[in-house]
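The values are calculated or read from the model by the stated rules, or taken from the named source; none is laboratory data. Just so we're clear, the structure is a prediction, and the values are computed from it rather than from any experiment. As a convention, Cβ positions derive from the backbone with ideal geometry for all residues, glycine included, and neighbour counts pool all protein chains shown.
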Amino acid sequence: MSNNNWDVHVIEFARSKDQPIASLVQGTHEAGLIDLPFSFVLARSGDRIVLVDTGFMKEGLGGEMSESFGIPYWISPLRMLEEFDVKPEDVTDIVLSHAHFDHMGSVYKFPNAQIYIQKREWLSWMEAMALPPQFGFLTMAINPDDLRAGFTASVEHRLTLIDGDKDNLLPGLHVRTGEGHTLGQQFVILESARGRLVVSGDCVYAATNLCGHKHDGKADGVYVPLAFGVGSVWEQLKTIDRINDEIDGDLSKLIILHDNDRWENLPLYREIDGFKIMKAS
Ligand SMILES: [Zn+2]
C-alpha cells in the first residue's frame, strides 16, 4: 500500500552558539562561526503521528552534553509538539536517523511509540561503548542513557531493528541506509503532496556537502565530506550521492536537520520563543 499524504513539519528546538562551520563541513576554515540549528520532523497521516528523530531533553546527562557541546539555546521538543496538540503518549512511531544524543535524546518521553533504527546503528554503539576509554572519540555524541532507554523499549517490544533499505516501513515512509556520519545511519523518504521529501539525518549537514565549495560564487559540484563522523569519507560521499539521486538534484526536496539557513525556502508555520516550525509538505 502506498500513500502520499504525509503532512510534514520541521521543528527547530535548539541552537548552538558560535560554532565553527569548519567543525561541520570539511574545507571551510575561512567560513567563520554560526549558531547551528537542531531540529526534528513531525509527520502525520491518518492515525499515525510519527517523529523522525526526537531532539533532546535537558535532563541528566542530556543537559550536561548539551552544555559541553555549546548548545545554550533550547526549548523542549514536547513544548513544540503542543503546537500541534500532540501529547507524548499520542506519538505512534519514531524513526531514528541515528543514535546521537541530539537526535534520540528525548526518546524516553514517548511511552507508546514504536521506535525504528537500523540494526547496524544500534549494534555498532553497543560495540563502541564496550571499547576502552581511549576510544571515547567514537561515542562522544552518544548519551548512554539514550541507549538504556532504547534497551528498555526493546524489553517492551517497542524497538524495531531495521536491516537495510526498507520501502513502506510505514505506508509512504521509506528508509535508506546512509553510512558515513555513523555506521548505521539512515535517511528517510516521506511521500507528501509536494512529492518525495528526504529527511537528511546527519548524512548531510549543509547544502555544501551536496553542491560543493563555491568559487567566485559558484558551487563546483564536488561532494564535500562532513568534518565530524565515525564512518569513512568514502561511504559519506556515496551516501551523499544516494541522497542526490533520490532528490534528483532538487534541494527543495531535502530537509536538512541542521540547516544553517534555517529552512529559509520553506514557509514558516509558527515561531515559538525564536524557534521556528516550518511547513515542509
Ligand atoms: Zn549526528
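Restricting attention to region 210-265, the residues being closer than 28 Å to His9 by Cβ, among the aromatic types (Phe, Trp, Tyr) and surrounded by fewer than 18 Cβ atoms within 10 Å (Cβ to Cβ) number 1. Restricting attention to region 28-39, the residues that are more than 18 Å from Asp202 (Cβ to Cβ) and either buried (at least 19 other Cβ atoms within 10 Å of the Cβ) or of a type outside the set (Asp, Glu) (or both) total 4.
Yes/no matrix, rows are residues, columns are (1) more than 17 Å from the chain's Cα centre (by Cα); (2) modelled with pLDDT of 95 or more; (3) among the β-branched types (Val, Ile, Thr); (4) within 14 Å of the ligand (Cβ to nearest atom):
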{"position": "Asp90", "(1), (2), (3), (4)": "yes, yes, no, no"}
{"position": "Ile94", "(1), (2), (3), (4)": "no, yes, yes, no"}
{"position": "Ala99", "(1), (2), (3), (4)": "no, yes, no, yes"}
{"position": "His103", "(1), (2), (3), (4)": "no, yes, no, yes"}
{"position": "Ile115", "(1), (2), (3), (4)": "no, yes, yes, no"}
{"position": "Met126", "(1), (2), (3), (4)": "yes, yes, no, no"}
{"position": "Leu131", "(1), (2), (3), (4)": "yes, yes, no, no"}
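Checked against the criterion of being more than 16 Å from the ligand (Cβ to nearest atom) and either in contact with a Gly (Cβ under 9 Å, 6 or more places away or on another chain) or assigned to a loop (DSSP other than H, G, I, E, B) (or both), the candidates Leu197, Leu169, Leu161, Leu190 yield just one match: Leu190. Of the residues screened, Glu82 is one that is over 15 Å from Val188 (Cβ atoms) and either surrounded by 21 or more Cβ atoms within 10 Å (Cβ to Cβ) or away from the ligand (no atom under 16 Å from the Cβ) (or both). For Glu67, the conditions (1) without any contact (Cβ under 8 Å) to a residue 12 or more places away in the chain; (2) within 16 Å of the ligand (Cβ to nearest atom); (3) of a type outside the set (A, V, I, L, M, F, W, C) all hold with the exception of (2).
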